[in-house]
Amino acid sequence: MAEPFIELTRADTDQHGARVLVNLGNVAWIEPNEHGTTQIVFAVALSYERANGVPLSLVVRESLDEISLRAGLVQKSDHEAIAQAWADQSGRRGLPDDQE
């Protein structure tokens, strides 16, 4: 299970960055930026924007891979792992792999 809080470094502050604790339970999604930073978008809107407002976000210096490692998440996009998962799922359904 992933740790609920991880320590990251804000990229939008001074050159040294400020250390912050991020509650992963409140994160909607995380996406890498072209500058090597990562944007974390929270599942809440800014209070002054009301409903349908702009979501609260934070830009950090850590990469998406580093955040996954720190949080204890396993991230796989290996084609062999995907094929194996497909085969496992097909086997549980009792269907040959080529019929789905």
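Structure notes:
- For the range 55-89, the candidate set comprises residues that are modelled with pLDDT of 75 or more and assigned to a loop (DSSP other than H, G, I, E, B); within that set, the residue that is surrounded by the most Cβ atoms within 10 Å (Cβ to Cβ) is Glu62.
- In the range 6-22, the residues that are of a type outside the set (Gly, Ala, Ser) and either at pLDDT below 90 or assigned to a loop (DSSP other than H, G, I, E, B) (or both): Asp12, Thr13, Asp14, Gln15, His16
- Within the range 27-44, being over 11 Å from the mean Cα position of the chain (by Cα) and either in a strand (DSSP E or B) or more than 11 Å from Ala11 (Cα to Cα) (or both) holds for Asn33, Glu34, Ala43, Val44.
The values are calculated or read from the model by the stated rules, or taken from the named source; none is laboratory data. Because the structure is predicted, anything quoted here is derived from the model rather than measured. Methodologically, a virtual Cβ is constructed for each residue, glycine included, from the backbone with ideal geometry; neighbour enumeration extends over all protein chains shown.
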